[in-house]
Number of protein chains: 2
Amino acid sequence: MGFREHLQSICKSCEGAFACSLMGVDGIEVDTHVGGDGAEGVDVKPLLVEYSGLFRSARESAQLNGAGEIVELFVETEKVLTVARMVSPEYYMVVALTPGGNLGKARFLMRVTAPKVKAEL
Amino acid sequence: MGFREHLQSICKSCEGAFACSLMGVDGIEVDTHVGGDGAEGVDVKPLLVEYSGLFRSARESAQLNGAGEIVELFVETEKVLTVARMVSPEYYMVVALTPGGNLGKARFLMRVTAPKVKAEL
């Protein structure tokens, strides 16, 4: 499977997941699959791009204070849940879910899919 | 119970929780309870202060893209798990756990404790 198939597969297998991206930590999107209705009025693609700044800040804070590398980042807002997971030091995967979405399954799928995506980088 | 007792109570009731803070979104700490051994070499207090920048960035990105207010933020690094939850628009609570800590319980305790802390602000 290529990147896109992995992203599609996460969206298809997880209740409430409506977008999944492979992103550079520098904020440059590699690929995104938008596979369902998200929350009304939410611009999901730019949101996921902007969240890359969180990754960079979190990494810097963690490294400065001896906490090691970032593994996972989760942001819940009133309208969207996002879970991001490092794939390699330069790339991460992120999935966006509706508030009632299956967060546990999204985390599990990211955990098992990340090594497969990494193998293709 | 005052702030400190609420923070202590979360640390005491959750396996792996070793620090709990009430913080301003501006990065100014209101109160912190450090109640156990954290990961070796991790400076937990400055880490929690620096993570306030994540809150501000996440809030800005979410508002710009129509995703509403931040509810919860979770950061997992190799040595520390942190879960932060908004208490009011100006304050959030954050708990730090060792990697094997009980994340589900920490989230639950934050959810039930946040309104009690809010009532005291």
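The values are calculated or read from the model by the stated rules, or taken from the named source; none is laboratory data. Not measured: the values here are computed from a predicted model. Neighbour counts run over all protein chains shown; Cβ positions are idealised from the backbone, glycine included. Only protein heavy atoms, including side chains, enter the accessible area calculation; ligands, DNA and RNA are left aside. Shrake-Rupley method; radii C 1.70, N 1.55, O 1.52, S 1.80 Å.
So here's what we get for this one:
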| read-out | value |
| --- | --- |
| Number of the condition not met by A:Thr32 [criteria: (1) within 13 Å of chain B (Cβ to nearest Cβ); (2) polar (S, T, N, Q); (3) assigned to a strand (DSSP E or B)] | (1) |
| Options B:Glu72, B:Glu40, B:Glu50, B:Glu60: the member that is touching an Asp or Glu at 6+ places or on another chain (Cβ under 7 Å) and within 9 Å of another protein chain (Cβ to nearest Cβ) | B:Glu72 |
| Positions within segment A:83-98 being over 20 Å from B:Gly68 (Cα atoms) and either open to solvent by less than 10 Å² (accessible area, probe 1.4 Å) or touching a Pro at 6+ places or on another chain (Cβ under 9 Å) (or both), in sequence order | A:Val87, A:Tyr92, A:Met93 |
| Flag for A:Glu120 being at negative phi and free of Cβ contacts under 8 Å to residues at least 60 places away in the same chain | no |
| Given (1) in contact (Cβ under 8 Å) with a residue 40 or more places away in the chain; (2) open to solvent by 10 Å² or more (accessible area, probe 1.4 Å); (3) within 21 Å of A:Glu120 (Cα to Cα), number of the condition A:Ala39 does not satisfy | (3) |
| Neighbours by Cβ (under 8 Å, 6+ apart or cross-chain): first from segment B:84-96, in contact (Cβ under 8 Å) with a residue 24 or more places away in the chain; second acidic (Asp, Glu) and in a strand (DSSP E or B) | B:Ala84/B:Glu72; B:Arg85/B:Glu72; B:Met86/B:Glu72 |
| Residues satisfying the stated conditions in segment A:99-112, i.e. open to solvent by 10 Å² or more (accessible area, probe 1.4 Å) and either hydrophobic (A, V, I, L, M, F, W, C) or outside any loop (DSSP other than H, G, I, E, B) (or both) | A:Leu103, A:Gly104, A:Lys105, A:Arg107, A:Phe108, A:Leu109, A:Arg111, A:Val112 |
| Scan of segment B:4-24 for residues that are surrounded by fewer than 19 Cβ atoms within 10 Å (Cβ to Cβ) and either of a type in the set (A, V, I, L, M) or within 30 Å of A:Lys79 (Cβ to Cβ) (or both), ordered by number | B:Gly24 |
| Total residues in segment A:50-63, condition touching a helix residue (DSSP H, G or I) at 6+ places or on another chain (Cβ under 9 Å) and either open to solvent by 50 Å² or more (accessible area, probe 1.4 Å) or charged (D, E, K, R) (or both) | 2 |
| Matching residues, segment B:64-82, being closer than 17 Å to B:Gly27 by Cα and crowded, with 23+ Cβ neighbours inside 10 Å | B:Ile70, B:Leu73, B:Val75, B:Thr82 |
